[in-house]
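S.K.: Have a look at this one.
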Amino acid sequence: MMTLIDFEAAHFPVLRSWLSSERELVQWGGPDLSFPVSDEQLEQMRTEASGTPPKRLCWMAVDGDQALAGHIQLAMDWRHGVARIGRVIIAPDHRGKGLAGPLLQAVLERAFSYPEIERVELNVYTWNAPAIRTYAKVGFVPEGVRRSSVQVGDERWDTAIMGMLRAEWEAI
C-alpha cells in the first residue's frame, strides 16, 4: 500500500538523494530541469500546487511503515479535463517491491476524484520497459511515440505517450 502525502520543502533533500545523475534527473523530471536539481526548481513545483485551481499536484508516497518510498505529480489542464502524471520515482531502497502499481492507483484515484478530469495521460521514455509494463498493467493504453524527442548527453530518447479515459478507469 502507498499513501500520498503533500510534497514539502523538508522532502527536498530526500528526493534529491534519489537523483544522482543528469540521466536520472531527466528520466524523472523531463528535459527542462537542470542537474543537480535545486531547491528553487523543487519549490517552483510546490508553487504551482498552491494556485486556485492548482496547475500541479505534488506528493511524496509513504509505504505501510510510513517510510518515504516515492514521489509523483499531476499536471492539471482544467480547461480540457486532462491530468498528466509525471515525475514518478520509487526510492532506490524500495525498488523491486511492487510499489509502482499501488502508487499509480493512488494517483489515479486522486485524478479521477475531480469530476472535471476525463483523461489521465503520461509520457515515458521508450527504453524504460519496466515502467511501460507497469503503466499498461494498471490500464494505460499506448497512444504513440514522439521519436528523438529528448537529448541527454550524446543520446537521443524517444518518448511514448500513454493515456487512460475516465470510462476505462471506471471499468477496471
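The values are calculated or read from the model by the stated rules, or taken from the named source; none is laboratory data. For clarity, every value in this text was computed on a predicted model and none was experimentally measured. Glycine gets a Cβ as well: all are built from the backbone with ideal geometry, and neighbour counts include every protein chain shown. What goes into the accessible areas is simple: the full protein's heavy atoms, side chains included, and nothing from ligands, DNA or RNA. Shrake-Rupley method; radii C 1.70, N 1.55, O 1.52, S 1.80 Å.
S.K.: When a/c reaches 1.5 or more, the comparison of a/b and b/c decides; with that in mind, is segment 78-172 rounded, prolate or oblate per its Cα gyration tensor?
M.R.: Values: a/c = 1.99, a/b = 1.30, b/c = 1.53.
Since a/c reaches 1.5 but b/c is at least a/b, the shape of segment 78-172 is classed as oblate.
S.K.: Which trypsin sites (Lys or Arg not before Pro) from segment 29-77 combine a DSSP loop assignment with at most 15 other Cβ atoms within 10 Å? Don't skip to the answer; put the middle values down first.
M.R.: Working: sites: ARG46, LYS55, ARG56; in loops: LYS55.
For trypsin sites (Lys or Arg not before Pro) across segment 29-77 that sit outside H, G, I, E and B with at most 15 neighbouring Cβ atoms in 10 Å, the list reads LYS55.
S.K.: Given a Förster distance of 30 angstrom, what is the FRET efficiency for GLN105 paired with GLU24, based on the Cβ-Cβ distance and rounded to 0.05? Can you show the working numbers first?
M.R.: Values: r = 24 Å, r/R0 = 0.81.
Calculated value: 0.80.
S.K.: Please arrange THR134, THR159 by accessible surface area, largest first, computed with a 1.4 Å probe and ligands excluded.
M.R.: Values: THR134 40, THR159 5 Å².
Largest to smallest exposure gives the sequence THR134, THR159.
S.K.: Go through SER20, SER149 and list them by solvent-accessible area, largest first, probe radius 1.4 Å.
M.R.: Working: SER20 85, SER149 50 Å².
Result of the area sort, largest leading: SER20, SER149.
S.K.: Mind telling me which of GLY29, GLY144, GLY86 comes out most flexible in a GNM of the chain, alpha-carbon contacts under 10 Å?
M.R.: Top of the fluctuation ranking is GLY144.
S.K.: How big is the accessible area of GLU155 in square angstrom, nearest 10, if you roll a 1.4 angstrom probe over the protein chains?
M.R.: Accessible surface of GLU155 is approximately 80 Å².
S.K.: Over the heavy atoms of GLU8, what accessible area does a 1.4 Å probe trace out, to the nearest 10 Å²?
M.R.: 80
S.K.: Compute the Cα gyration tensor for segment 111-162, then decide on rounded, prolate or oblate, letting a ≥ b ≥ c be the square roots of its eigenvalues: rounded whenever a/c is under 1.5, prolate when a/b is larger than b/c in the other cases, and oblate in all that remain. Working shown, then result.
M.R.: Working: a/c = 2.85, a/b = 1.95, b/c = 1.47.
Judged from the Cα gyration tensor, segment 111-162 comes out prolate (a/c at least 1.5, a/b above b/c).
S.K.: Moving to a separate point now. Any idea of HIS80's accessible area? Nearest 10 Å², probe 1.4 Å.
M.R.: Estimated to the nearest 10 Å², HIS80 gives 120 Å².
S.K.: How much of the accessible area of segment 104-172, in percent, comes from carbon and sulfur atoms when a 1.4 Å probe is used?
M.R.: Numbers: 1960 of 3870 Å².
Reported share for carbon and sulfur atoms: 51 percent.
S.K.: Provide the per residue accessible area, probe 1.4 Å, for segment 61-172, rounded to a whole number of square angstrom. It would help to have the intermediate numbers written out before the result.
M.R.: Numbers: 5790 Å² over 112 residues.
I get 52 Å² per residue for this part.
S.K.: Still on this model: Placing +1 on the Cβ of each Lys and Arg and -1 on the Cβ of each Asp and Glu in segment 1-121, which of ALA61, SER113, PRO36 has its Cα farthest towards the positive end of the resulting dipole?
M.R.: SER113
S.K.: Determine the calculated [θ] at 222 nm for the chain from helices alone, applying -39500 (n - 2.57) to every DSSP H run no shorter than 4 residues and normalising by the residue count; nearest 500 deg cm²/dmol. Let's see the in-between values first.
M.R.: Working: 6 runs with 52 residues, N = 172.
It comes out at -8500 deg cm²/dmol, rounded to the nearest 500.
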